[in-house]
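The values are calculated or read from the model by the stated rules, or taken from the named source; none is laboratory data. The shown structure was predicted, so the numbers you read here are calculated from the model rather than taken from an experiment. Here the Cβ positions follow ideal geometry from the backbone for every residue, glycine too, while neighbour counts run over all protein chains shown. The accessibility values were calculated without ligands, DNA or RNA, using every heavy atom of the protein model including side chains. Shrake-Rupley method; radii C 1.70, N 1.55, O 1.52, S 1.80 Å.
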Amino acid sequence: MFKVLKMAAAYATFFSTRHKLQHASDDYWRRKIGDRILTVDGRVLNPRAQAMIEFQDSLTVSKKHWTPQLVRRGFDKSVELFDGKTVEIASVKDIEIPVGSRKLKIRHYSDETSTARRPCILFFHGGGFVIGSLDGYEKFCRKLARQSRFDVLSLEYRLAPEHKFPAAFEDALQSWEWIQQNADLLHIDPAKVSVAGDSAGAFLAMLVAADASKSNAGHVPLAMGLIYPPIFTAEESHSRQLLGDEKIVLNRDLLEWFMEHFLPKGANFDDPRFAILDSAQEGRMPPTWILTCGFDPLRDDGKKISDILSGLGAKVYFQEYEDLYHGFITLSGVFSQVQVMIENMSEFFKRQNKLIDNQKETARNKAIKQ
């Protein structure tokens, strides 16, 4: 009986904390966290974010027990509990695309009912190339499709350790090629396909854009949206050194665990396939929107990427959420900032689409006058 009562108390505490994380006021969490608030490098962690991190940490087992299956289930459960409501849109359907001798799944989100060609965002989910899924990013992609009025294509690329590097890279590049060749089937405009992703997915988005920039045979992405993107290098940035040992979800332990599963034996970041921006063609990289978080070891990676892209002639729109941490975008039930971020990124994509339309209209008018 005592054990049953303890279990009942634990469940009650769990659901009470979950409810407060989603519904209690900011003032409540400021009082609750008090002097325990984490402050690093002049940045103060959002008290609600600190409460969320502490709650997740209380449910996490030690690293020696981590397996890809366990961490994947943990991520999916977190999304189920904390990613808010599911937004209704006009259409969600899964399609399989043939690439070589295998097939990849893409989930197609659209909030349009016409058969006219539409702009589109090819989205790559995050998760260190080891975790993450179509289902885990379902709510996010629905919101992005609704807010942007673009179709969204979310790719289920192969994950490690079942499929190590460069499997995810190959899937990203081949999905872009297939989409460009089959735009009519999808009712999308191949000249208006943007790429986006978070974390590892942001790297895949950059990979696609950099590869497309080197080819004159097809289109480059209309625009690029990068949410806390990484750079893979042997050098450790200041933010990785500063935040690597903090309890902020993504830390040195988790970064190393991801790479242990992703990289084949003997491989390292000296492989030129990781230096994707080194070979990108100047003047051909798309306008880019970048978001970083103050409490993220990858924070400096995003700033460096911004500088490199600017040096390649791309227009870059950079912002940092100073008081948030890596991984917040699938926790929309806790953080209202997720919706604000989706609105900001969507407005960026829409501006690029309108700019292209205006340029085409100007060219048509000029041709008519001639």
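Each row is one residue, and each column tells you yes or no for (1) within 28 Å of Asn182 (Cα to Cα); (2) in contact with a strand residue (DSSP E or B) (Cβ under 8 Å, 6 or more places away or on another chain); (3) of a type outside the set (Gly, Ala, Ser).
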| position | (1), (2), (3) |
| --- | --- |
| Tyr228 | no, yes, yes |
| Glu235 | no, no, yes |
| Ser239 | no, no, no |
| Asp245 | no, no, yes |
| Arg252 | no, no, yes |
| Phe262 | no, no, yes |
| Leu277 | yes, no, yes |
| Ala280 | yes, no, no |
- Message: Can you pull out every residue in the range 156-193 that is touching a His at 6+ places or on another chain (Cβ under 8 Å) and either small (Gly, Ala, Ser) or open to solvent by less than 50 Å² (accessible area, probe 1.4 Å) (or both)?
- Response: Ala160, Pro161, Gln180, Leu186, Pro190, Ala191, Val193
- Message: Looking only at the range 201-255, filter to residues that are open to solvent by 10 Å² or more (accessible area, probe 1.4 Å) and among the polar types (S, T, N, Q); which one of those is nearest to the chain's Cα centre (by Cα)?
- Response: Asn251
- When only residues in the range 27-56 that are part of a helix (DSSP H, G or I) and among the charged types (D, E, K, R) count, which is least open to solvent (accessible area, probe 1.4 Å)? Arg48
- Restricting attention to the range 328-370, which residues are within 18 Å of Leu21 (Cβ to Cβ) and either assigned to a strand (DSSP E or B) or in contact with a Leu (Cβ under 6 Å, 6 or more places away or on another chain) (or both)? Val334
- Query: Which pairs have Cβ atoms under 7 Å, sit 6 or more apart or on different chains, and link a residue in the range 148-160 that is touching a residue at least 60 places away in the same chain (Cβ under 8 Å) and more than 13 Å from Gly201 (Cβ to Cβ) to one that is open to solvent by less than 10 Å² (accessible area, probe 1.4 Å) and not aliphatic (A, V, I, L, M)?
  - Reply: Ser148/Ser346; Ser148/Phe349; Phe150/Cys120; Phe150/Phe349; Ala160/Phe129; Ala160/Phe262
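Yes/no matrix, rows are residues, columns are (1) in contact with a helix residue (DSSP H, G or I) (Cβ under 7 Å, 6 or more places away or on another chain); (2) at pLDDT below 95:
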residue: Gly34; (1), (2): no, no
residue: Ile37; (1), (2): yes, no
residue: Ile53; (1), (2): no, no
residue: Asp57; (1), (2): no, yes
residue: Lys64; (1), (2): no, yes
residue: Arg72; (1), (2): no, no
residue: Lys77; (1), (2): no, yes
